[in-house]
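First the structure, in the form of structure tokens, and then the observations on it.
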Ligand code: LMR
């Protein structure tokens, strides 16, 4: 049966993580995967999460099945966080939200539903994008094309080319957009550019699928949801996949959601019924723990305030690491200017390092980065930053 089965290539991000874990060097540094670690190099267990878990343990709740679409209090908290509590869409019942297994799970439910709805639609992802976007939509059966996004010369968005590409797309084309903290570049559209994108999407009847995995890591919780809210205000039928892996530091709990903006309450009911069909035939219903913890935090004012404070601490620490990295690279005499790293937002920096530089960092110094040159700034700390800056300088200058 398996004699012709080929060995699949390693995943560019999770595969790298496996290689990192197997590396025996005690000085190794993992700047590959998008995971936030604190100044001790550990994944934090947020105090808000600990409090919510303590309360849940004490309540000793039975472990029944969740409904197919997940916890109601969770889904409504997700809607408020993404669209704003005062959004008229909430009052009008125009958002269908289902709990999902992380942001990836949300993308997959949306992709499977869209494939049933419009099997011949093309999917367009930014160039570059998170590697799994292309793979996931291809696996769902779509043809995936890419639209220009990043200009390596200007270290900024090539907006004119993006607009030109969008203007060639047929109605129904699904455009994948990073709502904030673009992965991998860290370079986002400006508010004015977002407005133009919303206009083109509406005019050309494209289907926007927003991925928001880093809400709170860019400028702030509200500010980072601005793009989602622009699509909502324009009343465009949109898909939004959100993740709490990073913002609650709950990576392994797989907590996310898919929200779909519909045109009426009746449409919401029908869309929801189809999303539930996809979920039931994929994994039946979601796990309880992560969703219950996030719902408890978002719905209890004291826990919510604590979480917001912890999230802003993470964001501030990343920003200070960006500044430190730029300063150290200058101090060690790196042969190029890294000031652009200070302009990028979120967990990543598209560093401009080549695949060869990345390879040398790994083999000579035990420093892991994605081969595209993406480094996770959120994994830098006061203990490893000297080593990293020295190593980058060395691979660039020699
Ligand atoms: C990343 O981009 O590193 C994260 O989103 C983790 C993942 O699943 O790839």
Problem - Difference of contour (0.36 nm per residue) and Cα-Cα distance, residue 319 to residue 58 - result: 90.2 nm
Exercise for the section: Would you mind checking the tilt of helix 355-365 against the longest principal axis of the Cα atoms of the chain, expressed as 0 to 90 degrees and rounded to 10? Expected result: 60
Practice task
Provide 387, 168 in ascending order of the number of other Cβ atoms located within 10 Å of each residue's Cβ, fewest first.
Solution key: 168, 387
Practice task
Specify whether the C-alpha gyration tensor of the range 1-130 places it in the rounded, prolate or oblate class, a ≥ b ≥ c being the square roots of the eigenvalues: rounded for a/c under 1.5, otherwise prolate if a/b is larger than b/c and oblate if not.
Solution key: oblate
Problem - Theoretical ellipticity at 222 nm over the chain - DSSP helices of four or more residues, -39500 (n - 2.57) apiece, nearest 500 - result: -14000 deg cm²/dmol
Exercise for the section: Assuming a ≥ b ≥ c are the square roots of the Cα gyration tensor eigenvalues, decide whether the chain counts as rounded (a/c under 1.5), prolate (otherwise, with a/b larger than b/c) or oblate. Expected result: prolate
Problem - Net length gained if the chain between residue 139 and residue 371 were fully extended (0.36 nm per residue, minus Cα distance) - result: 81.2 nm
Practice task
For the chain, find the longest principal axis of its Cα atoms and tell me its angle to the long axis of helix 265-280, 0 to 90°, nearest 10.
Solution key: 60
Handout entry: Diffusion coefficient, µm² s⁻¹, Stokes-Einstein with Kirkwood Rh over alpha-carbon pairs of the range 65-287 at 10 °C and 1.306 mPa s
Key = 92
Problem - DSSP beta bridges in the chain [antiparallel fraction, %, rounded to 5] - result: 45
Exercise for the section: Just subtract the alpha-carbon distance of residue 27 and residue 273 from 0.36 nm times their residue separation and send over the number in nm, one decimal. Expected result: 83.4 nm
Handout entry: the chain: angle of helix 72-83 to the longest principal axis, Cα-based, in degrees nearest 10
Key = 60
Problem - Least to most buried among 363, 393 (fewest other Cβ within 10 Å first) - result: 363, 393
Problem - Percent of beta bridges antiparallel (DSSP, the range 65-287, rounded to nearest 5) - result: 45
Problem - FRET efficiency estimate (nearest 0.05) - Cβ-Cβ, residue 285 to residue 168, R0 41 angstrom - result: 0.50
Handout entry: the range 275-327 shape via C-alpha gyration tensor axes, a/c threshold 1.5
Key = oblate
Fill in the blank from the handout: For residue 226 and residue 200, extending 7 Å from Cα along the Cα-Cβ vector and measuring point to point gives, in nm, a value of 1.9
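Each reported figure results from applying straightforward, stated rules to the coordinates on display, with no laboratory input. Just so it is clear, the structure is predicted and the values come from calculations on it, not from any experiment. Glycine gets a Cβ as well: all are built from the backbone with ideal geometry, and neighbour counts include every protein chain shown.
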